[in-house]
Amino acid sequence: MSQTLAAVLPVFLVILLGFGLRKSRWVPDAFWGPAEHLTYTVTFPALLTANLARADMTTVPWAPMMVILGTTVLVVAGLTLALRRPLLAGRLGADDAAFTSVFQGAIRPNTYVGLAVAAALYGDLGVTLTAIGVALVVPLVNVLSVACLTVYGTGQSASITGVIRGVVTNPLILACALGIVLNITGIGLPPVLGPMLDILGRAALPIALLAVGAGLSFAHLKRAGGPVAVSTGLKLIVLPLLVWGGCQLAGLEAVTTTVTVLYGALPCSASSYVLARRMGGDAPLVAGIITAQTLASVLTITLLIGWVRAIA
């Protein structure tokens with residue numbers, strides 16, 4: 001339990017710091033917009049490219065992991081889409097912009113929490129297994145999220161051309177594609193470019209989490225309890241249980257099963273807030289979902305991983 005708490009609590013504390021900085025006006029409001037833009041277009045793409053270019057996929061069961069994670073993400077995405085009409089028609093106060101936030105919250109993992117927990121549990125092997133999840137899930141959830149926001153986000157085009165344009169021009173997707181190409185071709189990261197991406201990438205998580213905190217609204221979180229609960233239940237309970245079932249069917253060994261379930265159980269990523277702000281989503285609701293999931297995941301990850309390791 002202490003290892004999980006050590007991985008999750010610092011993330012939540014940085015989010016709270018961002019909230020405090022914005023609330024106290026110690027950091028000018030003019031800072032947050034450029035900070036979000038920098039995260040979206042520079043630091044997060046740098047981090048994704050560097051991580052994927054270095055991922056070692058030669059000694060681990062990457063194929064079944066990718067199939068399981070990809071299939072379960074698609075299943076949960078489809079389930080969330082099926083819930084759109086009930087969400088809009090019910091008494092939960094949801095509109096299409098809010099639905100895009102529920103959708104992102106149901107499928108997008110905070111990879112950096114996963115890397116920290118997996119490394120604490122299994123060292124380099126845990127990091128390598130998590131990197132396999134990154135290679136598939138990050139591009140997949142970005143494609144799905146951009147497509148959803150393009151169709152349902154405020155001020156976005158609902159045409160097929162608009163969806164395709166939104167996907168192929170997304171900096172996060174382009175960064176994932178570059179990292180995978182560098183990996184599979186054996187080029188890797190050049191001596192100068194690699195360290196530069198590392199420096200930029202180290203700025204990604206703190207800037208993004210501070211921006212998330214700056215957008216927090218606890219009043220909005222209270223008003224939007226229904227959408228937050230739906231998204232949190234799908235992400236922290238339904239998705240990891242589906243992943244565990246897939247691991248059992250595939251016959252994966254204990255360590256791979258544990259890390260794969262961990263990746264499915266991660267709270268919503270900080271980059272969801274940036275994407276919502278840029279593409280007409282409900283950014284305050286995303287911030288509420290990230291806050292609720294990060295806090296709840298302290299308990300859910302601890303219980304799920306403890307259960308999986310015990311029965312494995």
* Asked: Among all residue pairs at least 6 apart or on different chains, which show Cβ distances below 8 Å where the first residue, located in the stretch 198-215, is under 13 Å from S272 (Cα atoms) and the second is β-branched (V, I, T) and part of a loop (DSSP other than H, G, I, E, B)?
  -> none
* Asked: Is it fair to say G251 is more than 29 Å from L304 (Cα to Cα) and free of Cβ contacts under 8 Å to residues at least 40 places away in the same chain?
  -> no
* From (1) in a helix (DSSP H, G or I); (2) within 28 Å of I207 (Cα to Cα); (3) among the hydrophobic types (A, V, I, L, M, F, W, C), pick out the condition that doesn't hold for C247. => (2)
* Being assigned to a helix (DSSP H, G or I), within 20 Å of A204 (Cα to Cα) and not small (G, A, S) is the filter; apply it to the stretch 104-127 and report the residue that is farthest from the chain's Cα centre (by Cα). => V127
* To do: Could you please give the count of residues in the stretch 131-185 that are surrounded by fewer than 19 Cβ atoms within 10 Å (Cβ to Cβ), among the polar types (S, T, N, Q) and either part of a helix (DSSP H, G or I) or at pLDDT 85 or above (or both)?
  => 2
* All but one of (1) closer than 27 Å to Y122 by Cα; (2) buried (at least 24 other Cβ atoms within 10 Å of the Cβ) hold for V274; which doesn't? -> (1)
* Determine which member of the set A77, A50, A35, A55 is within 16 Å of the chain's Cα centre (by Cα), of a type in the set (G, A, S) and surrounded by 15 or more Cβ atoms within 10 Å (Cβ to Cβ). => A77
* Structure fact -> Output for Cβ contacts, cut-off 9 Å, separation at least six or different chains, first residue within 22 Å of L285 (Cβ to Cβ) in the stretch 102-125, second among the aromatic types (F, W, Y) and surrounded by fewer than 24 Cβ atoms within 10 Å (Cβ to Cβ), reads F103/Y152
* Flag for L205 being at pLDDT 85 or above and either buried (at least 19 other Cβ atoms within 10 Å of the Cβ) or closer than 27 Å to P34 by Cα (or both) -> no
* What are the residues in the stretch 14-45 that are in a helix (DSSP H, G or I), hydrophobic (A, V, I, L, M, F, W, C) and at pLDDT 85 or above, if any? -> L16, L17, F19, L21, A30, F31, W32, A35, L38, V42
* Got a number for residues in the stretch 285-302 being modelled with pLDDT of 85 or more and more than 18 Å from G225 (Cα to Cα)? -> 4
* Considering only the stretch 254-269, state which residues are hydroxyl-bearing (S, T, Y), assigned to a helix (DSSP H, G or I) and either under 19 Å from V138 (Cβ atoms) or in contact (Cβ under 8 Å) with a residue 60 or more places away in the chain (or both). => T256, T258, T260, Y263
* Asked: Scanning for something aliphatic (A, V, I, L, M), surrounded by fewer than 19 Cβ atoms within 10 Å (Cβ to Cβ) and over 25 Å from L216 (Cα atoms), does the stretch 256-268 turn up at least one residue?
  -> no
* Could you list, in sequence order, all residues of the stretch 82-99 that are crowded, with 17+ Cβ neighbours inside 10 Å, at pLDDT 70 or above and of a type in the set (A, V, I, L, M)? => L83, L87, A94, A97, A98
* Structure fact -> For G225, the lone unmet condition from (1) surrounded by 15 or more Cβ atoms within 10 Å (Cβ to Cβ); (2) under 20 Å from F19 (Cβ atoms) is (1)
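The values are calculated or read from the model by the stated rules, or taken from the named source; none is laboratory data. Model, not experiment: these values are computed from the prediction. With ideal geometry, Cβ positions are generated from the backbone for all residues, glycine too; neighbour counts draw on all protein chains shown.
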